[in-house]
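The structure appears right after this line, and notes come after that.
Values quoted throughout were computed directly from the atomic coordinates according to the rules given, and no laboratory measurement underlies them. Source: prediction; values computed, not measured. All Cβ positions, even for glycine, are placed from backbone atoms using ideal geometry, and neighbour counts span all protein chains on display.
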Amino acid sequence: MLSTSSPAEDRIADLEERISALGPWFHNLRLGGVQTAPQHFLGDYPQVKYERFAQALPTDLSGKSVLDIGCNAGFYSFEMKRRGAERVVGIDSDEHYLAQARFAAGVLGAEVEFRKMTVWEIGALAERFDVVIFMGVLYHLRHPLLALDLIHEHVARDLLLFQSMQRGSRTVAPVSEDYDFLDKDHFEEPGYPKMSFVEHKYAHDETNWWVPNRACAEAMLRSSGFRIESQPEDEVYLCRWTELSDPPDGPRCVYPARG
Ligand SMILES: C[S@@+](CC[C@H](N)C(=O)[O-])C[C@H]1O[C@@H](n2cnc3c(N)ncnc32)[C@H](O)[C@@H]1O
């Protein structure tokens, strides 16, 4: 039987089929006119979030390198490539999402290197990047501060784009350099840095381990050697790498440089 559809309709139908086979998608990408997650529970995600902080990022990344840790299907990697980044590397622990990212790169014609790698192994990259993206990963980790230490120690050179889910108070109380052993009241202050441990699940997701309040997210960044330059969106921070000396209780990074 003769086909009644046009080549354009056939192309869309083929794309829809391949996108569906690679699902479910967390990133709603637009691939050749087809959306990958049009029914996303957070709306047109992460496009809607990105629009709220995109203006804080350098518009021209020509000649710059970018590492996207926990890249998922590559939304931020592709956006950095659109800004002219010379080299973009996306890493993720989940092959399911990497398959999506590689497929999307092919459809978009975007030259991004996607690698299966966890944040614990980034020392093996043996390379520093001008921009490191660490969005939406911290609270998925059993050892969140170690991840920030590793990023500082091994891969960040200048900018860190950071986001974490936050719960609890949004106030940030001033923190003293020190407190007497008998001073306990500040622990009860809503704006004191606090992180909730998720023993079982949060939002039906057993990969949610630790959820900081705002003060804690900011304190962890500072403590790991990242100066907060701006907070362009509720949970998003643009930070700059700073020199750190080791704390008195030993070296800050306990993971091997080579994975
Ligand atoms: C909530 S998604 C965030 C995706 C993307 N960065 C964003 O902000 O839209 C978390 C991603 O981090 C990845 N991930 C979780 N643990 C990781 C780890 N230890 N190392 C690298 N990636 C990890 C997951 O597979 C997932 O793709």
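Brief remarks follow.
- Cα point-scatterer Debye curve for region 1-120, base-10 log of I(q)/I(0) at q = 0.13, 0.16 Å⁻¹: -0.54, -0.79
- Relative frequency of Cα-Cα separations exceeding 18 Å in region 1-58, percent: 48
- Computed from Cα atoms alone, the Kirkwood hydrodynamic radius reported for the chain is 19.9 Å.
- Stokes-Einstein D (µm²/s) once Rh is taken as the Kirkwood radius of region 147-186 over alpha-carbon pairs, at 37 °C in 0.692 mPa s: 234
- Sites listed here are trypsin sites (Lys or Arg not before Pro) in region 159-259 whose DSSP assignment is loop and whose Cβ has at most 10 other Cβ atoms within 10 Å: 184, 201, 258.
- Calculated log₁₀ intensity ratio I(q)/I(0) where the Debye formula runs over C-alpha points of region 32-76, q = 0.26 Å⁻¹: -1.15
- A Cβ-based charge dipole, computed about the Cα centre of the chain with Lys and Arg at +1 and Asp and Glu at -1, lands at about 500 debye.
- Fewest-first sequence of 179, 50 by Cβ atoms within 10 Å of each Cβ: 179, 50
- Ranking of 186, 204 by neighbouring Cβ atoms within 10 Å, starting from the fewest: 204, 186.
- Angle of helix 7-21 to the longest C-alpha principal axis of the chain, folded into 0 to 90 degrees and rounded to 10: 40°.
- Mean residue ellipticity at 222 nm, helices only, the chain: -7000 deg cm²/dmol; runs of at least 4 DSSP H residues each add -39,500 (n - 2.57), and the sum is divided by the number of residues.
- Taking Cα centre as origin and charging only the Cβ of basic (Lys, Arg, +1) and acidic (Asp, Glu, -1) residues, the dipole magnitude of region 165-259 rounds to 380 debye.
- Ascending count of other beta-carbon atoms within 10 Å, so fewest first, for 178, 234, 130, 68: 178, 234, 130, 68
- Mean projected area of the Cα convex hull of region 92-163, taken over all directions, amounts to 5.1 nm².
- Using distinct alpha-carbon pairs, which all enter the 1/r mean, Kirkwood radius of region 172-244 in Å: 14.2
- Put simply, the C-alpha atoms of region 110-203 give a gyration tensor, and the ellipsoid matching it has half-axes of 32, 17, 13 Å, longest first.
- Here residue 194 is the anchor, and the lysines within straight C-alpha reach of less than 26 Å, apart from those fewer than 8 places off in the same chain, are 49, 184.
- In summary, the lysines within cross-link reach of residue 116, defined as a Cα separation below 23 angstrom excluding same-chain residues under 8 places away, comprise 64, 81.
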